[in-house]
Structure formats: C-alpha cells, structure tokens
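Below is one structure, written out as structure tokens; comments come after it.
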Amino acid sequence: MSLAEAAARADALAQSGDERSLATLRVQWDEEIEAAARDADYRVRALAYRSIAHFRFRQKLQLLRRGLEDESPAARGSALIALEAFSRDHPGDVNSFRPLLHGLADRDPNLAVRRLAVICLKNGTAARDTIQLLEGIAESDETEAELRKTARVVHAALKKKAAAR
C-alpha cells in the first residue's frame, strides 16, 4: 500500500469513527510520513503534508510548520490545506501558526498559497492584527481580484466573530 492509499484509508476510517483502526494505521505509517516530509521530491513532501490531515495526526502539527516554510508552493499549499482541516475543530491551531500565516497571506509569491493562508485564518480567533491584515489585502489595488475577494469574505467573517464576543 502506498502513502496515498494509506491516507485515503485513514480518512475513511476517521469519517466512519473507527478510532482504533485509525490509531493502528497511524503507528504503521508514522515513520513513512516523517520520511516523506523530508524527501527531495516536492510531490512526495506535498503528499506527506496532506496525509497528516487524512490520518488526523495531531502529533504532527509541528511537521506542518516545516511544510509552511517549504520552498515548493505545492508543499506549502498542502500544509495549508492540512492546517485548515485541523483548525475547523481546533482554532488554536491557527493561532499558534498566526505569524507564519500572516507572512504567507501577505507576501508569498504564489497566489494560490496566499489564498489558502487567508482561508486558514478564517478558523482562528478574530485577532485585531489579522483583521487589519485582511482589510489591507482586500483594499489593495495591487492585489489580484480573487485574493481580494477571499480576504474580504474572511475579514467580514472575523469581524462578525469579534462582534459576537
């Protein structure tokens, strides 16, 4: 079984609620995920970061930090997708990566990575600096239209969240 197949199996087990089988699969694939995250091929690294979310491998959150700092946009994007999946149930995950997410949202050279970082920020707390950053992105004439739109939507959601506090 390949890592991609194991990740799909892990996702199915997690969705069905079979925690015992999922835990067994995590033990079997723990070292392979670590090795894949260090592979020279960006496609293997991207798969490793995506698989962390499929395995619901919360112990590997720090490995996602490596993915967010990866030289490859595909690896950064995969790490962001995994972080977004984790942060739906655990907003603290976004909060612990907030400075890195701000940098990606504001300055990453890859537009898709910037949009994914903005989407991740939606699941965190409504911090003032995040709201200001998103407002700046949404209002910038130099920013691509889709990124401005995404920033505007997330900005509005965070302002609403802040008002509800």
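The values are calculated or read from the model by the stated rules, or taken from the named source; none is laboratory data. This structure is a prediction, so every number in the text was calculated from the model and none was measured. No Cβ is skipped: glycine too gets one built from the backbone with ideal geometry, and neighbour counts run over all protein chains shown.
Some values worked out for this structure:
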{"quantity": "Residues (over 16 Å from L111 (Cβ atoms) and crowded, with 17+ Cβ neighbours inside 10 Å) located in the stretch 149-165", "calculated": "H155, L158"}
{"quantity": "Residues of the stretch 33-72 that turn out to be farther than 20 Å from A8 by Cβ, touching a helix residue (DSSP H, G or I) at 6+ places or on another chain (Cβ under 6 Å) and among the acidic types (D, E), as a count", "calculated": "1"}
{"quantity": "Condition met for E146 (farther than 24 Å from L47 by Cβ, of a type outside the set (A, V, I, L, M, F, W, C) and surrounded by fewer than 21 Cβ atoms within 10 Å (Cβ to Cβ))", "calculated": "yes"}
{"quantity": "Every residue from the stretch 127-151 that is in a helix (DSSP H, G or I) and under 16 Å from A112 (Cα atoms)", "calculated": "L134, I137, A138, A145, E146, L147, R148, K149, T150, A151"}
{"quantity": "Flag if A75 is closer than 24 Å to S51 by Cα, in contact with a helix residue (DSSP H, G or I) (Cβ under 6 Å, 6 or more places away or on another chain) and either in a helix (DSSP H, G or I) or at pLDDT 95 or above (or both)", "calculated": "yes"}
{"quantity": "Number of the exception - D89 against (1) closer than 27 Å to I137 by Cα; (2) surrounded by 15 or more Cβ atoms within 10 Å (Cβ to Cβ); (3) charged (D, E, K, R)", "calculated": "(2)"}
{"quantity": "Verdict on L61 being under 24 Å from K122 (Cβ atoms), in a helix (DSSP H, G or I) and within 9 Å of the chain's Cα centre (by Cα)", "calculated": "no"}
{"quantity": "Positions within the stretch 37-64 being of a type in the set (G, A, S) and buried (at least 20 other Cβ atoms within 10 Å of the Cβ), in sequence order", "calculated": "A37, A46, A48, S51, A53"}
{"quantity": "Answer from R152, R165, R148, R114 - the residue that is at pLDDT below 95 and either touching a helix residue (DSSP H, G or I) at 6+ places or on another chain (Cβ under 8 Å) or more than 15 Å from R65 (Cα to Cα) (or both)", "calculated": "R165"}
